[in-house]
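Q: One structure coming up, written as structure tokens, with questions to follow.
Derivation of every value follows stated rules applied to the coordinates shown; laboratory data play no part. As the structure is a computational prediction, the values presented were derived from the model and not from experiment. Methodologically, a virtual Cβ is constructed for each residue, glycine included, from the backbone with ideal geometry; neighbour enumeration extends over all protein chains shown.
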């Protein structure tokens, strides 16, 4: 079973004023239209105010101006979206860091991988590539020759870092990102074009 918090606990950790039953417990976040019992939602856009009477959520995060329109237990704050972000981070914490090299990954003998980093299945780490401490290299990612991933950075899946690309500490690259590929690298030479090397 996942984590759950009472409204009073959420207010103490994240902010906001509890109105209604502070002992009410929530275990997930949801959209105001698709919520179920046990979830908390937020209202930041007045366009969605009409859903306050229809939502199946157990609690709502909203601004003081909207509090009178809501019969559910609530967290009241001047910035509902910010409070929602903090609550969501508590209710859906990131996965624990993994360690090691998956059997289906390829890591060149010339690569440097920190002992507490993780290299996922299908990933390729080429010669002279560097993977820093705690870095997470997801499935099917490719680090070409000399690429570097800084400490605690995360490549989610199918990310490519071309030769020599350096990603700093605590970076996050989502699926399909390619860094270092050819881009705006052509120069006019009379009636033709000359490719500029991407260095």
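Q: Given an 8 Å cut-off on Cα distances and at least 6 residues of separation, report the relative contact order of the stretch 45-199 as a percent.
A: On the way: 332 pairs, mean separation 17.2, N = 155.
Relative contact order for the stretch 45-199 comes out at 11 percent.
Q: Also, quick follow-up: From the C-alpha coordinates alone, can you work out the Kirkwood hydrodynamic radius of the stretch 100-179, in Å?
A: 11.5 Å
Q: Ratio of Rg to Rh for the stretch 47-127, alpha carbon only, Kirkwood? The partial results should precede the final answer.
A: Working: Rg = 22.7 Å, Rh = 16.7 Å.
Dividing the radius of gyration by the Kirkwood radius yields 1.36.
Q: How would you order 175-181, 107-113, 135-141 from highest to lowest mean count of nearby Cβ atoms within 10 Å? List each step's numbers first, then the result.
A: Working: 175-181: 13.7, 107-113: 15.6, 135-141: 23.3.
Highest-to-lowest ranking by the protection proxy: 135-141, 107-113, 175-181.
Q: Let me ask something additional. Can you divide the C-alpha Rg of the chain by 2.2 N^0.38 Å and report the result to two decimal places? Mind showing how you got there, number by number?
A: Values: Rg = 23.5 Å, N = 199, 2.2 N^0.38 = 16.4 Å.
Working it through for the chain, the quotient is 1.43.
Q: Above 21 angstrom, tally the Cα pairs of the stretch 5-91 and express them as a % of all pairs, no decimals. Provide the component values of the computation, followed by the final result.
A: Values: 480 of 3741 pairs.
Of the Cα pairs, 13 percent sit more than 21 Å apart.
Q: Next question, about the same structure. What is the angle, in °, between the Cα long axis of helix 80-91 and the longest principal axis of the Cα atoms in the chain? Nearest 10 is fine, range 0 to 90.
A: With both axes taken from Cα atoms, the answer is about 70 degrees.
Q: Place the peptides 77-87, 149-159 in order of packing, highest mean first, counting for every residue the other Cβ atoms within 10 Å and averaging per peptide.
A: On the way: 77-87: 17.9, 149-159: 20.8.
For the peptides 77-87, 149-159, the packing ranking is 149-159, 77-87.
Q: Quick one: which of 23-30, 99-106 comes out on top by average Cβ neighbours within 10 Å, and what's the full order, highest first?
A: Details: 23-30: 17.9, 99-106: 14.0.
The peptides rank, most packed first, as 23-30, 99-106.
Q: Here is a further query. Pull out the extension gain between residue 98 and residue 67, defined as 0.36 nm times the separation in residues minus the alpha carbon to alpha carbon distance; nm, one decimal.
A: Numbers: separation 31, 0.36 × 31 = 11.16 nm, distance 4.27 nm.
The span from residue 98 to residue 67 would gain 6.9 nm if fully extended.
Q: Quick one: check the C-alpha center-to-center distance for the stretch 50-81 versus the stretch 84-155, whole angstrom.
A: What the calculation gives is 40 Å, centre to centre.
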